[in-house]
Amino acid sequence: MGIFDRFSSLLKSNINDLISKAEDPEKMLTQILVDMRGQLVKAKQQVASAIADEKRLRDQADAEFKQSQDWERRAMLAIQEGRDDLAKQALVRQAEHTSHGEQLQATWEQHRLETEKLKNQLRDLNDKIEEAKRKKNLLIARQRRAQAQQRIAETMSSLSEKSAFEAFARMEERIENNERMIKASSEIDDEFTGDTLQREFKQLEKGAVGVSVDNQLLALKQKMGMLPAPAPAQNRALGAGQRDEETVHAEIEHPTEEKGR
């Protein structure tokens, strides 16, 4: 099982455990991100170790090839000095270091490819964690909206209960009934208590006030030109005198007729 396979299994196990125990989604998401970052740190350490192994293999292969070149120079020096025996031994050593170098280089090439895969997986893991961080805020907002909707639904459900509205209606009816009782009591007090004669004169005074208001309205309309102006008081008196005089003359001239009537 590879490094990231072990990390993936461990991370899934931790997340499933959190989901089964979590009551607060916001805390759960935060904890998941904390675990992800912890696993990312461990993965980075493992990849760094793999890169260090790769570099060590490269250095060892280079060292072997360098040793091969050194023994080749020594073999050439021995030939120049006429020491073919030493030259042969040097060539044997050169061949050994070349063989070791080639083996190390092959191992390094394979390890380098594996390390590149690990580095790519590490990049993917880092990108997924960053994406999870961005989604966290969105998921938390959606969770809070869902909670708000649930609270609203619960509130509306409680308001839809008939008991509260029925109690309100009963209280309204009771208040209206109290108002009617107070009004009835006041009418009874006004009608059956106090000085009856004085109350009747008050009613007459109210009527007189009404007549006075009517006269004021009539005068205002005459002032505005909406009605003809009243005749002068002197003319009204003269007219009344003439009518009285005509009545007297009529009675003198026809006394019998008036009596007969």
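Every read-out reported here was derived from the displayed coordinates using simple, explicitly stated rules and does not represent laboratory data. Just so we're clear, the structure is a prediction, and the values are computed from it rather than from any experiment. Glycine also receives a Cβ, built like all others from the backbone with ideal geometry; neighbour counts cover every protein chain displayed.
Remarks
- Cross-link check: pairs K27/K133; K27/K135; K66/K117 evaluated at a Cα-Cα cut-off of 25 Å; pairs beyond the cut-off: K66/K117.
- Proxy reagent accessibility, fewest Cβ within 10 Å first, across T115, T107, T155: T155, T107, T115
- The ellipsoid that matches the Cα gyration tensor of region 63-139 has semi-axes, each √(5λ) in whole angstrom, of 55, 9, 5, with the longest given first.
- When the GluC sites (Glu not before Pro) in region 44-128 are filtered for DSSP coil states and for at most 12 other beta-carbon atoms within 10 Å of their beta-carbon, the remaining sites are E81.
- When you filter the trypsin sites (Lys or Arg not before Pro) in region 67-135 for DSSP loop state and at most 15 other Cβ atoms inside 10 Å of their Cβ, you are left with R83.
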